[in-house]
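For reference, the structure discussed in these notes is given below.
Just so it is clear, none of the values below were taken in a lab; they were calculated from the coordinates. In this text, all values refer to a predicted model and were calculated from it rather than measured experimentally. All Cβ positions, even for glycine, are placed from backbone atoms using ideal geometry, and neighbour counts span all protein chains on display.
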Amino acid sequence: MTGLLDAPVLEHALLPVRAGEQDAFEAAMTEAVPLVSSIPGFRGIRVSRGVEQPGTYLLLIGWDSVEAHEVGFRGSPQYVRWRELLHHFYEPFPVVEHFVPVPVEPTRE
């Protein structure tokens, strides 16, 4: 497995967790991460809590392809469990999008 940011496809979602449920959400996410990491085409995952809005989490998952996520993961028994663990925390339900790299070079001055 290569690094998250080296993945050909990056899944992005802002997860709005209901007020007061952040600790329970983080515990559920700890249980959910091994489910997604077992899927072929998975490259890495990062979950970050918002600084300005602590009830909003940023989910980034690296995939080999959109199909690895949309077909491989969402069509799996692991996704059924993922939904059971996490989807009841969201208000409203998050939008999930996929991104591919743009070839740019960082500049140093």
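According to the calculation over all Cα-Cα pairs in the stretch 21-102, the P(r) per 10 Å bin from zero is 16, 52, 29, 3 %.
Rg ratio for the stretch 27-74: its Cα radius of gyration over 2.2 N^0.38 Å, N being its residue count, equals 1.25. Label positions at R74 and Q22, each projected 7 Å from the Cα along the C-beta direction, are separated by 3.0 nm.
Stretching H87 away from Q53 to a fully extended chain increases their span by 10.3 nm, per 0.36 nm per residue minus the current alpha-carbon distance.
Note on the stretch 1-42: the alpha carbon radius of gyration divided by the globular reference 2.2 N^0.38 Å gives 1.42.
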